[in-house]
Amino acid sequence: MGNGKSIAGDQRAVPTQATHVWYRTFMTEYPSGLQTLHEFKTLLGLQGLNQKANKHIDQVYNTFDTNQDGFIDFLEFIAAVNLIVQEKMEQKLKWYFKLYDVDGNGSIDKNELLDMFVAVQALNGQQTLSPEEFTNLVFRKIDINNDGELTLEEFINGIAKDQDLLEIVYKSFNLSNVLRVICNGKQPDTEIDSSKSPDKAGLGKVKMKSL
């Protein structure tokens, strides 16, 4: 996911002509113009999850549902796709921060991070580190003022400088897999270039064929 460059500057996004293709596909799949939480889980094949894993996916959905009306409309959908397509590390870490900041108060405390990674483990299976070990490791490494809370600045700066933590964070919800499912299942005219290292980009470049 990029090399730590500033958020400012050139950012690749889904081209306008490709947006028309996405729109037609979205409206074909969701004629109401709205994607429900159940449809989101169905799209990603995340049905029949246990309570903790479900809680994690619900929080993911909520981060994409920016107006918090309980649905993902096309503008929110294309914003999510743009987030994945862009290769700016800071942008993606902002999204992960929002994912972990469950109460939305602008900081992540130990309980929030612990609960999130308990849910991640329920979703993804056994990890190298237990949720408790990972939570303690994160706070030991990047909680600069030792107040038991991570600000957005601490989170981005700390995670971006630590490749091991960065990889674990990316795996907590793999955005490249989301895009791959959308492209392969819903977008036959879209292909993914998998040549880019997932350690650096976290996803392949998206190529939209012109109409």
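The values are calculated or read from the model by the stated rules, or taken from the named source; none is laboratory data. Every value quoted in this text rests on a predicted model; they were computed, and no experiment measured them. Using ideal geometry, Cβ is built from the backbone for each residue, glycine included, and neighbour counts are taken over all protein chains shown. The protein model used for the area step is the full one, side chains on, heavy atoms only, and it has no ligands, DNA or RNA in it. Shrake-Rupley method; radii C 1.70, N 1.55, O 1.52, S 1.80 Å.
In the structure shown, the pairs Lys52/Lys161; Lys55/Lys141; Lys88/Lys110; Lys52/Lys171 are assessed against 20 Å; a Cα-Cα span above that value is assigned to Lys52/Lys161; Lys55/Lys141; Lys88/Lys110.
Note that the range 16-183 presents 48 Å² accessible area per residue, ligands and nucleic acids not counted, probe 1.4 Å. For Thr128, the shell of other residues with beta-carbons less than 15 Å away shows a net charge of -4, using +1 for Lys and Arg and -1 for Asp and Glu. Between the range 33-75 and the range 90-131, what is the separation of their alpha carbon centroids in Å? One Cα centre to the other: 16 Å. Subtracting the Cα-Cα distance of Glu167 and Leu43 from 0.36 nm times their residue separation leaves 42.2 nm of extension gain. Placing unit charges on the Cβ atoms of the charged side chains and taking the dipole of the range 16-183 about its Cα centre, the candidate lying farthest along the positive direction among Ile108, Leu75, Leu150 is Leu75. Taken along its three principal axes, the alpha carbon spread of the range 16-183 comes to 49, 34, 27 Å, from the longest extent down to the shortest. Could you look at the range 16-183 and say what percent of its accessible area is carbon and sulfur, using a 1.4 Å probe and all protein chains? Exposed carbon and sulfur together represent 51 percent of the surface.
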